[in-house]
Amino acid sequence: MEYWTSHRGAGMKAAVLLIEGTNCEDESLRAFRKVGIQAEKIHLKQLAGDCSRERKRNLEDFDMLYLPGGWSAGDYVRAGAIFAARMKSKIGKDLEKFVDSGKFIMGVCNGFQILVEAGMLPGFNGISELPEAVLTNNADGRFQCRPTYLKHENKCMLTKNVQEKKVAQIPVAHAEGRLTFGMENKKSLQKLLDNKQVVFRYCMPDGKPANGKFPWNPNGSLYDIAGICNPQGNVLGMMPHPERVMEPFQQADWTRKKYKTGEGKAIFESIARELKKR
């Protein structure tokens, strides 16, 4: 795999970060390029400098960092925990500067798990030393790979151009997607609501709340949460995979409905529009 293939022309640039076990990097790369964002697959070692000089990359040269799905490091310990620990130990200071500068970070599925384990989400008071939440085993104890419906509850910087309250069909594929704060559920949920950090919620096809009911809420996540951002709105994590529905024929019911485009494309288009302004 050509992790070091360079796209250093002018324009918007995204780094798709990976280590062993990442497996959604190619469709993520394609999603960015489809909306006009120059994207490059980057191994963590390239940002840390644990590679040859020609393969070295600097995080500050990118406008966005994207953490794709998969099972990084086999998801041992907890999903995303090892990748998160490596990131913090190798490029922790660079990540802090990246976030503080207002640049975008997005994590999907395993990427969301990594952001939570790294203390970057929910980020109530900046990047926390220890995780403030966890994405743990689905309530039914099973891996869920199915279409889900999401309602765009609140806009963040990355979804600024997506219609608020819009319902979209986006698939999930995970065994550990249930967001919980444990004993702090009530208190932390209130913080999320006060800060408008709940970006996506699982819902029924007509937009009505899932109310924790399977299959509309596929994992039992608190308050049907499918995606959250940090208080500043420039770090977004979500369990469903928008990069997997960039084309109409990728929608589960595409033979019955006339989709003009895949419903995940709106998220990437929104990112592109915001990056163009910078």
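The values are calculated or read from the model by the stated rules, or taken from the named source; none is laboratory data. Just so we're clear, the structure is a prediction, and the values are computed from it rather than from any experiment. As a convention, Cβ positions derive from the backbone with ideal geometry for all residues, glycine included, and neighbour counts pool all protein chains shown.
Observations, loosely collected:
- Selected residue [crowded, with 16+ Cβ neighbours inside 10 Å, farther than 21 Å from Leu236 by Cβ and touching a strand residue (DSSP E or B) at 6+ places or on another chain (Cβ under 7 Å)] from Asn110, Asn138, Asn154: Asn138
Conditions tested, residue by residue: (1) at positive phi; (2) surrounded by 14 or more Cβ atoms within 10 Å (Cβ to Cβ); (3) touching a residue at least 40 places away in the same chain (Cβ under 8 Å); (4) among the aromatic types (Phe, Trp, Tyr).
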residue	(1), (2), (3), (4)
Lys56	no, yes, no, no
Met64	no, yes, yes, no
Asp75	yes, yes, yes, no
Arg78	no, yes, yes, no
Phe83	no, yes, yes, yes
Arg86	no, yes, yes, no
Lys97	no, no, no, no
Asp100	no, no, no, no
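- Matching residues, the stretch 182-207, being buried (at least 18 other Cβ atoms within 10 Å of the Cβ) and outside any helix (DSSP H, G or I): Asn195, Gln197, Val198, Val199, Phe200, Arg201, Tyr202, Cys203
- Extreme residue, farthest from Ile114 (Cα to Cα), among residues of the stretch 219-248 that are of a type in the set (A, V, I, L, M) and surrounded by fewer than 24 Cβ atoms within 10 Å (Cβ to Cβ): Met246
- Asp206 being among the charged types (D, E, K, R) and on the phi > 0 side of the Ramachandran plot: no
- Selection of the stretch 159-181 for residues being in a strand (DSSP E or B) and farther than 20 Å from Gly111 by Cβ yields Val167, Gln169.
- Condition met for Phe214 (in a helix (DSSP H, G or I), modelled with pLDDT of 95 or more and either surrounded by fewer than 22 Cβ atoms within 10 Å (Cβ to Cβ) or out of contact with any His (no Cβ under 6 Å at 6 or more places or on another chain) (or both)): no
- Tally, over the stretch 130-158, of residues that are farther than 15 Å from Phe83 by Cα and assigned to a loop (DSSP other than H, G, I, E, B): 13
- Within the stretch 22-45, considering residues that are surrounded by fewer than 17 Cβ atoms within 10 Å (Cβ to Cβ) and part of a loop (DSSP other than H, G, I, E, B), the one farthest from the chain's Cα centre (by Cα): Gly36
- Among (1) over 20 Å from Leu65 (Cα atoms); (2) in contact with a Phe, Trp or Tyr (Cβ under 6 Å, 6 or more places away or on another chain), the one test that Met239 misses: (1)
- Residue selected from the stretch 78-118 under the condition assigned to a loop (DSSP other than H, G, I, E, B) and among the small types (Gly, Ala, Ser), by the criterion farthest from the chain's Cα centre (by Cα): Ser101
- Flag for Ile127 being modelled with pLDDT of 95 or more, crowded, with 18+ Cβ neighbours inside 10 Å and over 22 Å from Ala39 (Cβ atoms): yes
- Condition broken by Asp253, with the remaining ones in (1) acidic (Asp, Glu); (2) buried (at least 20 other Cβ atoms within 10 Å of the Cβ); (3) not in a helix (DSSP H, G or I) satisfied: (2)
- Checking each residue in the stretch 88-103 for being closer than 15 Å to Gly119 by Cα and of a type in the set (S, T, N, Q) picks out only Ser89.
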